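Worksheet: the structure to be examined is printed underneath.
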Amino acid sequence: MNYWLMKSEPAVFGIDALAAAPRQTTAWDGVRNYQVRNLLRDDFRRGDRAFFWHSSCAVPGIYGSLRVVRGGYPEPAEPRWYQVDVRLLRRFARPVTLSMLRQHADGSLRDLCVLRRGNRLSITPVTSGQWHRILELADHSTG
DNA sequence: GCCAACGTTGGC
DNA sequence: GCCAACGTTGGC
């Protein structure tokens with residue numbers, strides 16, 4: 001099983017919109033970057049998990065997690081681009097903010113893609129160690 | 001709104 | 001294939 005981090009602007013599609021969607025499931029589409037397209041096409045598998053990142057908003061960070069319920073398949077209208085289906089797994093009581101992640105950017109989080117300068121990919125891989133560390137921050141944070 | 005970073009485009 | 005111009009991302 002792979003772990004991922006998937007960014008979205010909450011003004012466009014945020015975790016609340018996913019929570020309100022039928023079966024809390026949606027197609028994650030609209031990716032227009034070839035590196036990310038290739039991840040969706042070649043590396044996403046049903047059962048993978050992903051963090052849901054809110055970007056371009058007041059408090060950027062991880063607001064919950066997703067499960068991949070369908071691996072990569074072509075967008076119906078533009079089949080050279082790929083999408084996956086995701087279902088809401090958890091909504092965190094409090095987000096794991098970018099600021100928190102920076103404060104804990106030692107150990108397993110040192111190489112977290114989203115902490116690297118100039119990172120612009122909307123989907124990045126997460127290691128198993130990073131995944132579990134971030135869940136600790138979500139569950140043990142007192143805000 | 002600013003701006004750094006970086007992907008894409010297109011002329012040559 | 002080079003590279004300057006341009007567009008987009010996304011934190012601040």
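Of note:
- Only listed residue being within 20 Å of A:ASP29 (Cα to Cα) and away from DNA strand C (no atom under 16 Å from the Cβ), chosen from A:ASP85, A:ASP111: A:ASP85
- Qualifying residue in the stretch A:56-72 (condition: within 16 Å of DNA strand B (Cβ to nearest atom), in contact (Cβ under 8 Å) with a residue 40 or more places away in the chain and either crowded, with 17+ Cβ neighbours inside 10 Å or not in a loop (DSSP other than H, G, I, E, B) (or both)): no
- Just one of (1) over 20 Å from A:ARG37 (Cβ atoms); (2) free of Cβ contacts under 8 Å to residues at least 40 places away in the same chain; (3) in contact with a helix residue (DSSP H, G or I) (Cβ under 6 Å, 6 or more places away or on another chain); (4) within 13 Å of DNA strand C (Cβ to nearest atom) fails for A:ASN119. It is (1).
- You will find that of A:ARG37, A:ARG80, the residue that is assigned to a helix (DSSP H, G or I), within 16 Å of DNA strand B (Cβ to nearest atom), touching a strand residue (DSSP E or B) at 6+ places or on another chain (Cβ under 9 Å) and free of Cβ contacts under 8 Å to residues at least 60 places away in the same chain is A:ARG37 and no other.
- Some residue of the stretch A:63-75 being β-branched (Val, Ile, Thr) and within 14 Å of DNA strand C (Cβ to nearest atom): no
- Where a residue in the stretch A:122-141 is under 16 Å from A:MET100 (Cβ atoms) and its partner, wherever it lies, is among the β-branched types (Val, Ile, Thr) and assigned to a helix (DSSP H, G or I), with Cβ under 6 Å and at least six apart: none
- Subset of the stretch A:89-125 that is assigned to a strand (DSSP E or B) and surrounded by 20 or more Cβ atoms within 10 Å (Cβ to Cβ) - its residue that is farthest from DNA strand B (Cβ to nearest atom): A:PHE92
Quick note: the coordinates plus some simple rules give every number you see, no bench work behind them. As the structure is a prediction and not an experimental result, all values here were calculated from the model. Glycine gets a Cβ as well: all are built from the backbone with ideal geometry, and neighbour counts include every protein chain shown.
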